[in-house]
Structures are given as structure tokens and as C-alpha cells.
1. Can you name the residue in the stretch 17-42 that is open to solvent by 40 Å² or more (accessible area, probe 1.4 Å), over 18 Å from R94 (Cα atoms) and outside any helix (DSSP H, G or I) and is also modelled with the lowest pLDDT among such residues?
2. Residues R164, R196, R192, R130: which one is surrounded by fewer than 16 Cβ atoms within 10 Å (Cβ to Cβ) and either over 29 Å from T227 (Cα atoms) or in contact (Cβ under 8 Å) with a residue 24 or more places away in the chain (or both)?
3. Restricted to the stretch 206-222, and to residues that are open to solvent by 10 Å² or more (accessible area, probe 1.4 Å) and among the aromatic types (F, W, Y), which residue is nearest to S121 (Cα to Cα)?
4. Of all residues in the stretch 273-283, count the ones that are open to solvent by 10 Å² or more (accessible area, probe 1.4 Å) and assigned to a loop (DSSP other than H, G, I, E, B).
5. Restricting to the stretch 178-198, name every residue that is under 21 Å from the mean Cα position of the chain (by Cα) and on the phi > 0 side of the Ramachandran plot.
6. Just name the residue that is farthest from A284 (Cα to Cα) out of those in the stretch 424-437 that are open to solvent by less than 40 Å² (accessible area, probe 1.4 Å) and assigned to a helix (DSSP H, G or I).
7. Can you give me the number of residues within the stretch 464-490 that are part of a helix (DSSP H, G or I) and touching a residue at least 24 places away in the same chain (Cβ under 8 Å)?
8. Quick check, is I393 β-branched (V, I, T) and touching a strand residue (DSSP E or B) at 6+ places or on another chain (Cβ under 9 Å)?
Amino acid sequence: MIFQYIHQLITQALATQLIEPEDEIYARNQVLWLLQLQEYKETGVASGKGLDIPDLLEKIVGYACEQGIIEDIFDEKEVLASKIMNCFMARPSRVNQVFYEKYNQAPHEATQYFYELSKNSNYIQMKRIRQNIEYKTATEYGDLDITINLSKPEKDPKSIAMERAVQKTDYPNCLLCIENEGYAGRIGHPARSNHRMIRVDLVGENWYLQYSPYVYYNEHCIVLSETHTDMKISPATFARLLSFVEKFPHYFLGSNADIPIVGGSILSHEHYQGGNYSFAMAKADEDWTFTIGNFPEVECAVVKWPMSVIRLRSGNVEALVDAGAHILATWKNYSDETVGIFAKTGAVPHNTITPIARKNGDLFELDLVLRNNRTNKKHPLGIFHPHSDVHHIKKENIGLIEVMGLAVLPARLKVELEEVERFILGRADAQVADYHLEWAKELKASYQAVINEANVEAIVRKEVGKKFLRVLEDAGVFKRDEEGAAGFLRFIKSL
């Protein structure tokens with residue numbers, strides 16, 4: 001049976017152009033060695049016909065567990081699966097060569113090649129990603145994207161115990177370091193044997209393009225620094241983002257903020273995220289326009305969005321960088337106590353920016369989302385952070401992806417929301433989590449006259465979308481009311 005699965009895997013590798021016919025025997029022998037097999041037996045009938053690469057990998061890794069080649073624990077299975085797929089992967093130099101050959105034809109052909117390679121090699125975990133619950137919610141700002149993230153498997157207790165016991169090492173230094181390319185993995189560190197990166201020059205610096213293993217949107221990419229340095233929002237950030245979208249005009253690129261609470265999950269390695277997708281924020285209308293005297297080439301506008309966003313637009317990249325730098329420098333030192341904005345507490349800074357760059361027709365756009373990470377007794381997790389009444393849906397940091405209009409919600413909600421639906425329908429045995437109960441009662445009262453089996457899921461999903469909108473409104477430094485609008489105008493006038 002194992003030989004049939006190996007044969008099928010090689011057939012799929014050929015079909016997806018991971019290898020050429022001349023590579024078949026070589027690749028097969030590499031897989032045999034990993035499985036401690038001394039010979040290969042030709043099979044007349046291919047078992048597992050119709051299985052794709054992730055399913056075949058599960059069969060082969062399952063065989064390895066049964067034979068005692070590896071332990072039946074998550075990390076060891078991931079390491080073996082990644083090593084098997086590496087048998088079909090070209091070396092980084094060849095991947096980069098093909099990428100730039102295609103880039104010289106058209107940038108989108110290069111990224112399409114690399115994206116398909118990353119999926120076919122199982123580096124991007126498409127089978128797991130398809131488990132995510134995804135839908136859109138209509139709002140006055142556009143359609144918000146909602147994702148309940150089910151793609152990252154939970155580790156078994158044995159894996160967790162082994163991870164605690166294993167000797168710590170700082171190689172690779174973090175999950176984003178370039179040393180992850182081809183790294184076999186270990187207990188507590190993901191397998192990356194089948195991982196490849198594209199070398200990209202951004203304003204004379206070495207940066208690396210890869211895709212997220214768990215993409216949240218089309219061609220969700222990560223662009224990371226060659227060196228392990230902390231996240232920092234600066235004029236150089238704007239220059240790099242714009243340099244990237246100049247090279248890849250079909251992609252956007254943005255950065256998480258660089259301070260806790262309003263930053264991303266990894267602040268220790270400078271990196272950006274982008275892709276081939278138009279979020280609601282990118283399509284949002286402009287509330288009003290303004291000018292900054294020293295930057296006549298730059299069009300400026302406040303975006304109609306629940307968070308506080310300034311959009312700069314110009315055909316001149318250098319002018320955009322300079323205008324962005326001016327706004328950043330002003331904002332980092334800006335306080336307005338009437339709307340609760342203080343630039344610093346002592347020497348601790350609170351203000352920063354989440355920037356996003358894109359090409360729109362012949363012009364470049366740079367969106368600057370104003371952020372502040374102050375806390376107080378009422379809001380210990382952050383004043384401009386999801387407030388406690390929405391924590392039952394989302395309490396994690398609001399990073400770049402959420403800022404643009406995509407909610408990445410925890411896996412627990414899949415089961416919890418099903419119980420909320422059952423409660424609304426009047427099921428006596430519904431087991432609603434305590435933190436959802438008040439909300440569930442409100443929904444039941446509001447929809448009692450119209451709720452039924454056919455529409456309950458859609459209603460709960462719509463209400464979750466409303467909660468995410470509230471999350472974004474909480475994160476906005478200038479609220480969309482009369483006081484907030486006046487505060488935003490005062491800041492614009494200070495530029």
C-alpha cells in the first residue's frame with residue numbers, strides 16, 4: 001500500500017510541475033530513504049486515486065507512525081511531511097531564477113508562479129485553510145471580511161509536554177528569520193524543509209518575499225528583513241512599502257504598528273504583509289480632502305472608515321514618502337486631551353501609525369492609520385483597543401489585517417456560536433458560554449418574531465460582523481462623532 005501512495009505522490013508532483021520526468025527516480029529514492037525503505041515495488045493499480053498532495057502526505061505520514069519511524073505527535077509528523085515535500089522542491093537559487101525570468105515577462109506571472117509553488121509544495125496549508133469559516137458583512141463602510149480561524153491545528157498534550165521539556169535554542173532566532181528557509185523543524189518550531197523565499201531589493205536593502213503558511217486572503221504574502229531587527233515605523237518604512245508596490249503593482253503592502261497593543265504578534269523582526277486582494281478600507285470613500293502646504297504634489301484625504309485614516313496619493317514616490325514622514329513626525333508628538341490622546345507617558349511613546357501602500361492606476365497611495373496604545377483603569381488592555389463588551393468575540397490586538405477590514409476570529413467561536421444559535425431558537429439544552437449570554441439574550445429578544453432554522457445562522461453571522469465593526473470603532477483614535485471629527489480636523493490643521 002505504501003508504494004501505491006508514493007507512486008501517487010510522484011504522479012501529483014509531476015502534474016503540478018514540482019518535478020520533471022527526469023527527476024522521478026531521484027525524488028522517489030529520496031522519499032524511500034525518509035521512510036526507511038530499502039526497495040521500491042511497482043504497483044499495478046494506484047490506491048488513493050484522486051487523492052491530492054495533502055491527503056497523500058497524511059497517508060504516508062500515517063504509515064511512518066504505524067511503523068515506528070516517527071512518533072505519532074504533531075511536530076514529528078509535520079517535520080516528516082515537510083521533508084517529503086522537499087524531495088520535490090528546487091533549491092532556492094533555482095526558484096529565484098525562475099521567479100525573475102517570469103518577472104521579466106510580467107510581475108504578476110512571477111508571483112503567480114511562486115504562489116502556486118508554495119501551495120503545491122504544501123508549504124501553504126490549503127487543506128487546513130479550507131476549514132476556515134469565511135463570509136462578508138455589509139456595513140456603511142463597505143463589506144467587512146469575517147474569518148473564524150480553524151486552520152491552525154491544536155497540538156496534542158504529549159507535544160505540548162515535549163515542547164516544555166526540550167532544550168531551548170535560538171536558531172532560527174524567530175519564526176520570520178531567513179534561517180527558516182529549509183530548516184527541518186523541531187519540537188516547538190515549525191517544519192520548513194519545503195520553505196522557499198524570493199530575494200527582493202527594496203531601496204538598496206535585502207528583503208525576502210514569502211507566503212504565509214496560513215493565508216487569510218488571496219496571495220497573502222510576508223516581506224521580511226534580512227536582519228533580525230525590531231519593528232520600526234519610520235520614513236524608511238514608507239519608502240520600502242512604496243518600492244515594493246512599484247515592483248509589484250498588483251499587490252498592496254502594509255506594516256503592523258511598532259509598539260505593543262496596537263502592533264502585530266511579532267514585534268522582534270521587521271516585516272510587512274501584502275497580497276493580491278482589495279480590502280474594504282482600500283475601496284472606502286473619502287470623507288473630505290485637504291492639502292499640506294509643503295507637499296503640493298500630494299493629494300490628501302480623510303477616509304470614511306471606522307478607524308482614523310489619512311490617504312495620500314501622488315505619482316511621485318519621493319513626495320509621498322516625505323509627506324508621510326511629516327505626518328508621522330507630527331503624530332508621534334501630538335496630544336489632544338479633549339479626545340483622550342496623549343503622545344507620551346513620561347518617556348514611553350503612545351502614538352504610531354499602521355501604513356499601507358498600493359498602486360491605484362497611475363498613482364501611488366499611502367494610507368496612514370493613526371494609532372495610540374494608552375491604557376487606563378477602565379480599559380486596561382487599551383483605550384483604543386476592543387472594549388470589554390466585545391471581548392467575547394474579539395479581544396486580541398487589532399493589527400494590519402483587522403485595520404483593513406478583515407476579522408480573524410478565534411476557533412472557539414465555531415462551536416460557541418452554534419450554541420448561541422440554538423439558544424435563540426429556544427432550545428432548552430443550549431449551552432451558551434457565560435460571556436455570550438447577555439448578547440444571546442439580546443439577539444433572542446430582537447429577532448424573536450422572525451427567527452427560524454433557515455435564517456438563524458445568517459442572523460448570528462451578521463451580528464458578529466456588527467461586533468467587529470464595533471471593534472474597529474473602538475480602535476479609532478478620532479471617533480466618528482462631532483467631537484471626534486473636530487479633533488481630527490485639529491490634527492489636520494497642525495500639519
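1. E42
2. Details: R164 fails: either over 29 Å from T227 (Cα atoms) or in contact (Cβ under 8 Å) with a residue 24 or more places away in the chain (or both); R196 fails: surrounded by fewer than 16 Cβ atoms within 10 Å (Cβ to Cβ); R192 fails: surrounded by fewer than 16 Cβ atoms within 10 Å (Cβ to Cβ).
Step by step, each of R164, R196, R192, R130 is checked, and only R130 is surrounded by fewer than 16 Cβ atoms within 10 Å (Cβ to Cβ) and either over 29 Å from T227 (Cα atoms) or in contact (Cβ under 8 Å) with a residue 24 or more places away in the chain (or both).
3. Filtering the stretch 206-222 for residues that are open to solvent by 10 Å² or more (accessible area, probe 1.4 Å) and among the aromatic types (F, W, Y), the one nearest to S121 (Cα to Cα) comes out as Y214.
4. Adding up the residues that qualify gives 3.
5. Across the stretch 178-198, the qualifying residue is only G188.
6. Within the stretch 424-437, the match that is farthest from A284 (Cα to Cα) is I424.
7. Keep residues of the stretch 464-490 that are part of a helix (DSSP H, G or I), which gives 464-475, 482-490.
Those left that are additionally touching a residue at least 24 places away in the same chain (Cβ under 8 Å): 464-475, 483-484, 487-488, 490.
Residues that pass the stated criteria total 17.
8. yes
The values are calculated or read from the model by the stated rules, or taken from the named source; none is laboratory data. Just so it is clear, the model here is predicted, and its values are computed rather than measured. Using ideal geometry, Cβ is built from the backbone for each residue, glycine included, and neighbour counts are taken over all protein chains shown. We work out accessible area using only protein heavy atoms, side chains counted, and drop any ligands, DNA or RNA first. Shrake-Rupley method; radii C 1.70, N 1.55, O 1.52, S 1.80 Å.
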